[in-house]
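Written below as structure tokens is the structure these notes are about.
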Amino acid sequence: MPQAQIMSIEDKLTIRMKVFDLANQGKIDEAQNLERSIPLSPYLAKWAKKRLGIEFLVDNGWNLSDADAQYGSGWLTQ
């Protein structure tokens with residue numbers, strides 16, 4: 001798996017503003033998909049893996065780059 005770059009706070013904020021705009025326009029599916037492109041916090045990713053399962057994270061397209069950076073690239077399947 002290629003090394004993912006850590007997203008800056010500014011990039012996260014820009015995406016979050018686009019998410020709000022899409023949601024306000026009634027484009028809920030687009031907003032949700034875009035929101036998942038923001039890296040999930042490592043502790044939330046670990047919690048979701050334990051409580052909701054690996055499939056939940058993978059099938060829903062969550063960005064796990066911050067968790068990969070903190071726990072190592074193989075953390076999800078270990």
Selection status of K46, basic (K, R) and out of contact with any helix residue (DSSP H, G or I) (no Cβ under 9 Å at 6 or more places or on another chain): no
If we ask which residues in the range 22-43 are in a helix (DSSP H, G or I) and surrounded by 13 or more Cβ atoms within 10 Å (Cβ to Cβ), their number turns out to be 9
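Can you pull out every residue in the range 44-65 that is outside any helix (DSSP H, G or I) and more than 16 Å from K12 (Cβ to Cβ)? Spell out how you get there, then give the answer.
Initial filter on the range 44-65 (outside any helix (DSSP H, G or I)): 53, 60-64.
Selection gives G53, N60, G61.
Mind listing whichever residues of the range 66-78 are small (G, A, S), in contact (Cβ under 8 Å) with a residue 60 or more places away in the chain and either part of a loop (DSSP other than H, G, I, E, B) or crowded, with 17+ Cβ neighbours inside 10 Å (or both)?
Quick first cut of the range 66-78, residues small (G, A, S) only: 67, 69, 72-74.
Still in the running and in contact (Cβ under 8 Å) with a residue 60 or more places away in the chain: 69, 73.
S73 - this is the single residue of the range 66-78 that is small (G, A, S), in contact (Cβ under 8 Å) with a residue 60 or more places away in the chain and either part of a loop (DSSP other than H, G, I, E, B) or crowded, with 17+ Cβ neighbours inside 10 Å (or both).
Any read-out appearing in this document is the output of simple, stated calculations on the displayed coordinates, not a laboratory observation. All of these numbers come straight from a predicted model, not from anything done at the bench. A quick note on method: Cβ atoms are made from the backbone with ideal geometry, for glycine too, and the neighbour counts reach across all protein chains shown.
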